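Notes for the one structure printed next.
A short reminder: the numbers here are calculations on the coordinates, not readings from a lab. Small disclaimer: the values here were computed from a predicted structure and weren't measured. Cβ placement follows ideal geometry from the backbone for every residue including glycine, while neighbour counts extend to all protein chains displayed.
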Amino acid sequence: MSHIPQERLPCLFRPGHSQNELKHEGQQPKFKSINEKLDVRRGRVSRRWILAVVFVLAVVFLVLVFHPAFRGIRVMEVTDGDTIVLKDGEEVRYIGIDTPERDDPFFREATQANKEMLKGGRIRLEYDRDRRDRYGRLLAYVWVDTLLLNAELIKKGLASVYLFSPNLKYRDRFIAVQREARQKEKGIWSIPVEAEAYYVASRRSGRFVFHRPECGSAKKIKRENLMRFETRDEALDSGYSPCRNCKP
Ligand SMILES: [Zn+2]
């Protein structure tokens, strides 16, 4: 290198020049140093971006995992219109409704409709006052996204309102939905029923069931607890459900 005149050498190769001095000399090194700075800054910026994205993803992940609205419970099996089994083996009985039993009309339709609505496989459970029934099953309002399946089954005419104290959270909503299904004669409400002159129920049982006057269960109701409905519609609109024995 000794035969090359020093002034022709790029300043970086010239001896005795510090970085500060280089800043004030030829254009070439000045650009080089800015580019280097920019590269460093770009590195810092992109690192900051990655951190921000990771942070946002972490927040989204935590919300999905822990927020009740997103915390889905997996369904393993649909037993019938109002009973399911969860992945952890827990049996869930839909509260506030009753769907047809195995030998009743619309049993298959109710079971099928329940299966259809549970297709996604993930649900959210909402409880009322009693968490379990006497069989140890969970008593729950079953949600799929914004759909309350208990109400949807009533709406389709595949479930009747079945209330018992103190679990009356959706009483009015269920009665209103059932009234509409009855007016449209959907599902079970299309089945003709022989009318009685009046119907009876107990005001003390807490189970909201009404009977034909001649039903054995009706005869057991104490006189002071006996209440009377003039029509079937009146009983149903009051949130009373038909007795399973006398089927009024
Ligand atoms: Zn009865």
Inset, instruction - For the stretch 73-189, please report how many Lys pairs fall under 23 Å Cα to Cα, leaving out neighbours fewer than 8 apart on the same chain. - result: 14
Legend entry - Environment charge of ILE50, counting only residues whose C-beta is closer than 14 Å and scoring Lys/Arg +1, Asp/Glu -1: +4
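If we sort 89-102, 120-133 on the protection proxy, mean other Cβ atoms within 10 Å, highest first, what's the order? Mind showing how you got there, number by number?
Values: 89-102: 19.4, 120-133: 14.2.
Descending mean neighbour count gives 89-102, 120-133.
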